[in-house]
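Encoded as structure tokens, the structure appears first; notes follow it.
The values are calculated or read from the model by the stated rules, or taken from the named source; none is laboratory data. Remember, predicted model here, so these are calculated numbers, not experimental data. Here the Cβ positions follow ideal geometry from the backbone for every residue, glycine too, while neighbour counts run over all protein chains shown. Areas reflect the complete protein model, heavy atoms only, side chains present, ligands, DNA and RNA absent. Shrake-Rupley method; radii C 1.70, N 1.55, O 1.52, S 1.80 Å.
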Amino acid sequence: MEKVLIKNLKNHVGQQVATEGWLYNIRSSGKIAFLIVRDGSGLMQGVTVKKEVGEEVFADAKKLTQESAIKVTGIVREEPRSVGGFEMQVTGLEIVSIAHDYPITHKEHGVEFLAEHRHLWIRAPKQVAILRVRSEIEHAIRDFFYERDFVLADAPIITPAACEGTTTLFELDYHGEKGFLSQSGQLYNEATALALGRIYCFGPTFRAEKSKTRRHLMEFWMVEAEMAYCDMDENIKVQEEMIYYVIQRILKRCANELRILERDLTKLENIKLPFPRISYTEAVEILKKAGEEFIWGDDFGAPHETLISNHFNAPVFVHRYPTEIKAFYMKPDPDNPKVALGADLLAPEGYGEIIGGGQRLDDLDLLVERIKEHKLPMEAFEWYVDLRRFGSVPHAGFGLGIERTVAWLCGLDHVRETIPFPRLLHKMYP
Ligand code: 4AD
Ligand code: MG
């Protein structure tokens, strides 16, 4: 008998097929049991009629506890009232294992409790939907780059120096030498871009953030692109095309998941290219007009970002931030060195910054000066400075935070649900 995923039952109407899954819920009377089965791809109702399956199978069905592992066979039929629109007339049931009392019942649970049981919580239909959207987003990003001839060049996780400031480093003992978990693959991307042209890396990055917000994780996944012979404007263009590509892909491929998540699709469907672009200075004007007391030169906080993006009701690029508040590697604008040729992309609906990027400082002497100004250890950056000695070119790149992107596209209020096992401040269990 053919084994099928629950999400594909629709292709097997009238056929007898087998599914493998777990009992999500059960309702039963003396003669009939409705098994709600989940298999990771969806939910299905299995209608088990005593006089059809016989005493023994029916008795087995009644033994099932929530999350018991089962193999169910039956004939598929269309049933608009049933979960997923299709159901199975059960013909056979095999118990693989009977579950103990499952802690996550069908009543409401607090977030603390759910977080403690994250290893089980991820089985809930909403969590499954989120993780499936995440997977689709990651695939879409890889396809986007693949179709555009970017080379996937993995960056190291263990590094000898900081990329994004020394205050958020996770330190480790590298056989007696001090090492750090990578905050960003960017510096290595700059090297691989000079070797390969256009590249991206995709991996976990780490920040010992002291922040307990709905946007911060200690460990998050970042996709980072880097392009040789590229300026800030071209860089921004690649980013908006990538985001647009990802949105179209999930609208097409994740309709079911987005419905489970009750995502307002019009918000995503209405996003059009190009995205608005404003300078930091213009953004400050918007804040002031909205009555905020904001001083030019300060960094935006989450409420500022929300105010700015609400002004456009679209993803918006904010470019030319003050050089002072940006990383050492950013190229100051030759027309006004007080600002840097970097841009952040702010997501709509209050999701804040999802991309940080910009043109890199390609001048040898200026770069050395900036490394010293930032009191970074020159020895650890010699190799990076070499990139300006040997064939330096204008180049640019960016980093997209996967979890914030998933939170936005799924319409979630916290990044903790966007990754199977979030690493939060003072929380690394399970
Ligand atoms: O703006 P960031 O710090 O930029 C960089 O790391 C650059 N070196 C990237 C590059 O140009 N190659 O981080 C980039 C993105 C942010 O916009 C945000 O989406 C995400 O990474 N991010 C976080 N996501 C979750 N938790 C955190 N603690 C994050 N810190 C940054
Ligand atoms: Mg940033």
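In the set 227, 242, which member is touching a helix residue (DSSP H, G or I) at 6+ places or on another chain (Cβ under 7 Å) and under 30 Å from residue 7 (Cα atoms)? Let's see the steps before the verdict.
Numbers: 227 fails: under 30 Å from residue 7 (Cα atoms).
Checking each option against the conditions leaves just 242.
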Within segment 199-209, identify whether any single residue is crowded, with 21+ Cβ neighbours inside 10 Å, more than 16 Å from ligand 2 (Cβ to nearest atom), under 23 Å from residue 142 (Cβ atoms) and hydroxyl-bearing (Ser, Thr, Tyr), and answer yes or no. yes
For residue 372, which of the numbered conditions (1) away from ligand 2 (no atom under 16 Å from the Cβ); (2) under 32 Å from the mean Cα position of the chain (by Cα) fails to hold? (2)
Could you say whether any residue in segment 114-137 is open to solvent by less than 80 Å² (accessible area, probe 1.4 Å), out of contact with any Asp or Glu (no Cβ under 9 Å at 6 or more places or on another chain) and within 16 Å of ligand 2 (Cβ to nearest atom)? no
Are any residues in segment 210-228 among the charged types (D, E, K, R) and either more than 16 Å from ligand 2 (Cβ to nearest atom) or over 20 Å from residue 350 (Cα atoms) (or both), and if so, which ones? 210, 212, 214, 219, 224, 226
Would a scan of segment 380-396 turn up a residue that is under 25 Å from residue 322 (Cβ atoms), touching a helix residue (DSSP H, G or I) at 6+ places or on another chain (Cβ under 6 Å) and near ligand 1 (Cβ under 10 Å from one of its atoms)? yes
Please indicate, with yes or no, whether at least one residue in segment 302-322 is acidic (Asp, Glu), surrounded by 15 or more Cβ atoms within 10 Å (Cβ to Cβ) and assigned by TED's automatic domain parsing to the domain that holds residue 385. yes
When you scan segment 333-357, how many residues do you find that are open to solvent by less than 30 Å² (accessible area, probe 1.4 Å) and away from ligand 1 (no atom under 15 Å from the Cβ)? 2
Report, by residue number, each residue of segment 149-172 that is exposed (fewer than 15 other Cβ atoms within 10 Å of the Cβ), of a type in the set (D, E, K, R) and not in a strand (DSSP E or B). 149, 154
Here the qualifying pairs (Cβ atoms under 6 Å; residues six or more apart or on different chains; first in segment 351-374 and over 20 Å from residue 225 (Cβ atoms); second among the charged types (D, E, K, R) and within 16 Å of ligand 2 (Cβ to nearest atom)) come out as 352/215; 352/305
Residue 7 passes all but one of the listed conditions (1) within 24 Å of residue 62 (Cα to Cα); (2) touching a residue at least 40 places away in the same chain (Cβ under 8 Å); (3) in contact with a Gly (Cβ under 7 Å, 6 or more places away or on another chain); the exception is number (1)
Does segment 91-137 hold any residues that are assigned to a loop (DSSP other than H, G, I, E, B) and closer than 13 Å to residue 257 by Cα, and which are they? 124
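Residues are listed down the side, and each one gets a yes or a no for (1) open to solvent by less than 10 Å² (accessible area, probe 1.4 Å); (2) in a helix (DSSP H, G or I):
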| position | (1), (2) |
| --- | --- |
| 366 | no, yes |
| 369 | no, yes |
| 379 | no, yes |
| 384 | yes, yes |
| 388 | no, yes |
| 393 | no, no |
| 403 | yes, yes |
| 422 | no, no |
| 430 | no, no |
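Every residue, every condition in (1) open to solvent by 70 Å² or more (accessible area, probe 1.4 Å); (2) farther than 21 Å from residue 309 by Cβ, yes or no:
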residue: 222; (1), (2): no, no
residue: 226; (1), (2): no, yes
residue: 249; (1), (2): no, yes
residue: 277; (1), (2): yes, no
